[in-house]
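The values are calculated or read from the model by the stated rules, or taken from the named source; none is laboratory data. The model shown is predicted, which means the values in this text are computed figures rather than measured ones. Backbone-built Cβ (ideal geometry, glycine too); neighbour counts: all protein chains shown.
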Amino acid sequence: MRWQAEWEHFHASDSGPTPRYGKNPFPKSAKRCKRCKMPSELQFCIVCQTEFVTQARLCFTTVMDAVAIQQEPNRPYEEKRAAYRAAKRRLKNLLDLKSYGVTFEQTPYFRKELRRLRERLKEEKAVAASVAADSEEQKTAAHRQ
């Protein structure tokens, strides 16, 4: 349950997601925010930085919730798939911030978790399809007799 340790560490940290501009924290620069064009001595104003971190925290929380839903054996496939799709959508929105040059240190870990989740869903779907095919064969065999 490595993801649980990561989850606890993520929620225990006060700083939350760590934003990066390229490979460095947001540097000081010109006179305006690159995103909203408000006057700022930083690349991004404090409002935009806060929004980036909030969006990242929401994305990472959604991914961890999807992993938790996947771990529960009594959840239906549709619910697991819906959680995966919501997490995928949030991560895509977070990755759109790369157009401004903004990334987060934790993003690679959560991308890997989302990939693992997708693989588990594919396996579960294949198992469900084979079970459905077997039951269909049994019905037709019983009908023939």
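Scanning segment 94-115 for residues that are surrounded by 13 or more Cβ atoms within 10 Å (Cβ to Cβ) and either more than 11 Å from the chain's Cα centre (by Cα) or over 14 Å from M64 (Cα atoms) (or both) yields L94, L95, L97, Y100, G101, V102, T103, F104. If you filter segment 35-86 down to residues that are exposed (fewer than 14 other Cβ atoms within 10 Å of the Cβ) and basic (K, R), you find that the one that is farthest from R111 (Cα to Cα) is K37.
All of (1) in contact with an Asp or Glu (Cβ under 7 Å, 6 or more places away or on another chain); (2) at pLDDT below 90 hold for S130 with one exception: (1). Flag set for S40, criterion: touching a Cys at 6+ places or on another chain (Cβ under 6 Å) and modelled with pLDDT under 85.
Across segment 91-103, a minimum of one residue is classified as under 26 Å from P19 (Cβ atoms) and of a type in the set (K, R).
Among the residues making up segment 82-118, those that are out of contact with any Phe, Trp or Tyr (no Cβ under 8 Å at 6 or more places or on another chain) and of a type in the set (A, V, I, L, M) are A82, A83, A86, A87, L95.
Restricting to segment 74-90, name every residue that is of a type outside the set (G, A, S) and touching a helix residue (DSSP H, G or I) at 6+ places or on another chain (Cβ under 7 Å). Explain how you work it out, then say what you get.
The first filter runs over segment 74-90 and keeps only residues of a type outside the set (G, A, S), leaving 74-81, 84-85, 88-90.
Passing the criteria: R75, Y77, E79, K80, R81, Y84, K88, R90.
If you go through segment 58-78 and keep only what is over 10 Å from the mean Cα position of the chain (by Cα) and outside any loop (DSSP other than H, G, I, E, B), you end up with A68, I69, Q70, Q71, Y77, E78.
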